[in-house]
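Report on the structure given below.
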Amino acid sequence: MSRLSLNRRLVLEAQVPQPDGAGGESRSWVRVGDIWADVTARRGRRLGRGGIAVSRGVYVVTVRGAPVGDPARPLPQQRFREGTRVYQIQSVAEQDAQGRYLACLTHEEVAV
């Protein structure tokens, strides 16, 4: 494993239901906490979505390990935010046998 540099401060966000006032609900993103991470680009491609060109990048976001059930442990369906950039979490796995680091496979989509 190459040396990690947890030098990017990301905001971990989770989606929560909010009453819409009409008996239903909408969803909004709330801050879970700040996490220091190493962000590594893996691949990218250009897609067409509804007539709009979209650039999709795949990234591995590596963070310090946290036990299952700990609020500091990222989960699929959560996301990382870095300013205006948003990384949707697809999967989370221990990067080493000791569980010191978690590798989060993420993607970012940007209209081009």
Centroid-to-centroid separation of the stretch 85-112 and the stretch 1-80 [C-alpha atoms, Å]: 7 Å
Built amide H within the under 5 Å cut-off of Tyr101, gap 5+: Gly65, Gln95, Asp96
Local electrostatic count at Arg27 - Lys and Arg +1, Asp and Glu -1, tallied over other residues with Cβ under 13 Å: -2
Derived scalar couplings ³J(HN,Hα) [the stretch 11-28; Karplus, 6.51 cos²θ - 1.76 cosθ + 1.60; whole Hz; x for Gly, Pro]: 9, 8, 10, 10, 8, 10, x, 10, x, 9, x, 10, x, x, 8, 10, 10, 9
Among Gly50, Gly83, Gly65: highest mean-square fluctuation, GNM of the chain, C-alpha pairs under 10 Å: Gly50
The chain, relative contact order [Cα under 8 Å, separation at least 6], %: 25 percent
Per residue solvent-accessible surface (Å²) - the chain, probe of 1.4 Å: 63 Å²
Residue (of Gly51, Ala37, Ala14) at the positive-pole extreme of the stretch 14-112, dipole from beta-carbon charges: Gly51
The chain - percent of accessible surface contributed by carbon and sulfur, probe 1.4 Å: 48 percent
Anisotropy class of the chain from Cα gyration tensor, a/c 1.5 cut: oblate
Rel. contact order, % - alpha carbon contacts under 8 angstrom, at least six apart, the stretch 58-112: 42 percent
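The values are calculated or read from the model by the stated rules, or taken from the named source; none is laboratory data. Predicted model only: the values in this text are computed from it and were never measured. Cβ atoms come from the backbone with ideal geometry, glycine included; neighbour counts cover every protein chain shown. Surface accessibility is based on the protein's heavy atoms, side chains included, excluding ligands, DNA and RNA. Shrake-Rupley method; radii C 1.70, N 1.55, O 1.52, S 1.80 Å.
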